[in-house]
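Heads up, the thing below is written out as structure tokens.
Here, each number is a calculation from the coordinates, and none is a lab measurement. Computed from a predicted structure; not experimentally measured. Ideal geometry is used to build each Cβ from the backbone, glycine not excepted, and the neighbour counts take in all protein chains shown.
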Amino acid sequence: MAKSSAQQAAIAISMKKAGKKPKSMKDGGSTPAWTRSEGKDPKGGLNRKGVASYRRANPGSKLKMAVTTKPSKLDPDSKPAKRRKSFCARMSGVKGPMKKPNGKPTRKALALRKWNC
């Protein structure tokens, strides 16, 4: 039987007070892989595990892997080229820094680099 969000919140609070960590999704835990570091690619975007967990958490979604092919290798009229161009146009306009205060690139910068924007 599924628990309501209020019940889940109460369980999380009681576990936190008891000093226990919530179980991972594999063990029946609370967060899908796409929200944790194991579902994210260190080079930007989501890895296969992250995409698969997003699709499970959001049935009917059409999330696809990033178009990592170099633009020079893509036919300009192909679907992947149009997806890449659209993603770059949308994501390049997002406000926010490209570097963290410690000098490392942000997730935004990594995603733009991965998509060859």
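Evaluate E = 1/(1 + (r/R0)^6) for ARG56 and LYS79, where r is the Cβ-Cβ distance and R0 equals 35 Å; express this FRET efficiency to the nearest 0.05. Efficiency at R0 = 35 Å is approximately 0.90.
Using Cα-Cα distances under 8 Å and only pairs 6 or more residues apart, what relative contact order does segment 42-117 have, in percent?
Values: 64 pairs, mean separation 31.7, N = 76.
Value for segment 42-117: 42 percent.
FRET efficiency for the pair ALA89 and SER37, taken as 1/(1 + (r/R0)^6) with r the Cβ-Cβ distance and R0 = 25 Å, rounds to 0.35. With a Förster radius of 25 Å applied to the C-beta separation of LYS64 and MET98, the computed FRET efficiency comes to 0.55. In a simple Cβ point-charge model (Lys, Arg +1; Asp, Glu -1; nothing else charged), segment 49-93 has a dipole of about 120 debye relative to its Cα centre. When the listed pairs LYS64/LYS108; LYS43/LYS108; LYS64/LYS100; LYS64/LYS85 are checked against a 19 Å cut-off, the alpha-carbon distance exceeds it for LYS64/LYS100. Which one, THR69, VAL51, PRO80, is farthest towards the positive end of the dipole of segment 34-81 when Lys and Arg carry +1 and Asp and Glu -1 on their Cβ? My answer, from the dipole projection, is VAL51.
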